[in-house]
Amino acid sequence: MQKVYLDNNATTLVDPKVKEAMDPFFTQIYGNPNSLHDFGTEPHPYMRLAFDRMYKAIDAPDSSDILITSCATESNNMVLKGVYFDILRHGKRPQIIISPVEHPCVTNTARFLSELGVEVIQLPLNSDGIVDGQILKKYIDPNKTALVSIMWANNETGLIFPVKELARIAHDNGALFHTDAVQAIGKIPVDVRDADVDFLTFSAHKFHGPKGIGGIYIREGLRLTPLLHGGEQMGGKRAGTVNVPSLIGMGYAMELAAENLEFEQTEVKRLRDKLEDSIASIPDTMVIGKRELRTPNTILVSVKGVEGESMIWDLNKKGVAASTGSACASESLEPNPTFVAIGFDSELAHTGIRLSLSRFTTEQEIDYTIDVFKESVERLRKISSSY
Ligand code: C6P
């Protein structure tokens, strides 16, 4: 049976070139980079190259910091909890602002902080499904807001947030600005200098790097209280021996992601649009979010009368991997929170299907998916109308 992977917002395949670059660091260049002997110093130039590649890919100034973490979940926890320890808990600025469609690693961390006394504001979305400058201006408090944390692109809809404008408003009001750029890197240009953000989160497995490694860009002059205490690795900012093979892979994967941006915005987009047009031609389907406001690889569609879960299982039987939304919320029976935030009733909020492409998706796979998707909708609608 043909297999088609259209869940690239959950994770991506490791680019074979990245895997090849990582290989020597398991069995040949395997010293602990904090050891003083030659085995320990041997990985240093390769690690430096990985950092240089990342600095270049996101246009980070040399004077800023890129901290290596185990994943975006850790990065987001570290930013929110770091700001809690550094600012919020002292009470002068006790408030953080987030969007209602952040990943659970932001919303649940914010909820945890609210139990410690932090005031958490979840902004409403505008009619396009994003937070705009007007909304932030209405809610930000120059005397209270310590941190605004708003994602660069949403993992379910692909909708892109106006991060540069939001960062400016945060700064005008004396607040720090963090963005979760997990779904932006490799899909749209991400330039920390131009966007003028203070903290930025990323995760290698979303851009054809390995799982289990991510990072935080930290603007020059800022610091975050560490989450992990222990040794002096990374200047004491995050204890624990760094995962060298994955760091090498992440650096190279980010460089390739930046090099392939043009391809993503032309060829991947062309295939996404072809799939989206075919799905949208099925009666009673609704694609969420204006196309020009979305990342080039993502479709979130509501198929009226068809439960998202049933559709996913039906597609899976034909070898097509899609999702109902975030992989980490796929076992929840609650309505999709993104749909709810956008204003859908609870029945429609169960009808979401996310299809996300990558630079490895082929035209033949898209043609196959179009046929399978149409057959699935027809079959499931027939079944539900027979009840
Ligand atoms: N979203 C999805 O199916 P980790 O796995 O910790 O590196 O990434 C977490 C994460 C953080 N922010 C955003 C915007 C994300 O999309 C994700 C991961 C996957 O949408 C898995 S839940």
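Each value in this text was obtained by applying a stated rule to the coordinates, not by laboratory testing. A quick note: this is a predicted structure, and the numbers were derived from the prediction, not measured. Methodologically, a virtual Cβ is constructed for each residue, glycine included, from the backbone with ideal geometry; neighbour enumeration extends over all protein chains shown.
Quick notes on this structure:
- Cross-link check: pairs Lys164/Lys187; Lys187/Lys237; Lys137/Lys237; Lys138/Lys304 evaluated at a Cα-Cα cut-off of 25 Å; pairs beyond the cut-off: Lys187/Lys237; Lys137/Lys237; Lys138/Lys304.
- Exposed trypsin sites (Lys or Arg not before Pro) absent: longest stretch of the chain, with sites in DSSP loops and at most 14 other Cβ within 10 Å deemed exposed: 93-222
- Taking all pairs of distinct alpha-carbon atoms in the chain, Kirkwood radius in angstrom: 21.7
- Helix 244-259 vs. the chain, principal-axis angle (Cα, 0 to 90°, nearest 10): 60
- Spatially proximal aspartates and glutamates relative to Lys144 (Cα-Cα < 12 Å; intrachain offsets below 8 disregarded): Glu119
- Once the chain from Asp128 to Asp59 is taken as fully extended at 0.36 nm per residue, the excess over their C-alpha distance is 22.0 nm.
- Karplus (6.51, -1.76, 1.60) ³J(HN,Hα), θ = phi - 60°, over the range 161-171, in Hz, Gly and Pro reported as x: 9, x, 4, 4, 5, 5, 5, 5, 5, 4, 5
- For Leu159, nonlocal amide neighbours, meaning residues 5 or more places apart or on other chains whose placed amide H falls under 5 Å from its own, are Asn154, Thr295.
- Backbone amide hydrogens, once placed in the peptide plane, bring Asp7 within less than 5 Å of Ser356, excluding anything fewer than 5 places away on its chain.
- Each residue of the range 271-277 was assigned a 3J(HN,Hα) from its phi angle through the Karplus expression (A = 6.51, B = -1.76, C = 1.60, θ = phi - 60°), giving 5, 4, 5, 4, 5, 5, 4 Hz with x at Gly and Pro.
- Amide H to amide H, with H built 1.01 Å from N, Lys237 comes under 5 Å of no residue 5 or more places away or on another chain.
- Tensor-based shape of the range 158-233 (alpha-carbon gyration tensor, a/c under 1.5 rounded, otherwise prolate or oblate): oblate
- The spacing between the range 344-387 and the range 78-133, judged by their C-alpha centroids, is 34 Å.
- C-alpha long axis of helix 363-385 to longest principal axis of the chain, angle in °: 60
- Note that the range 21-37 has calculated 3J(HN,Hα) couplings of 5, 7, 3, x, 7, 8, 10, 10, 10, 10, x, 6, x, 9, 7, 8, 6 Hz, one per residue in order, obtained from phi through the Karplus relation 6.51 cos²θ - 1.76 cosθ + 1.60 (θ = phi - 60°); glycine and proline are x.
- Taking each of Lys19/Lys81; Lys269/Lys374; Lys92/Lys206 in turn, the alpha-carbon distance tops 27 angstrom for Lys19/Lys81; Lys92/Lys206.
- Axis angle, to the nearest 10 degrees, between helix 44-57 and the longest C-alpha principal axis of the chain: 50 degrees.
- For the range 27-131, GluC sites (Glu not before Pro) are listed when DSSP marks them as loop and at most 13 other Cβ atoms sit within 10 Å of their Cβ; the list is empty.
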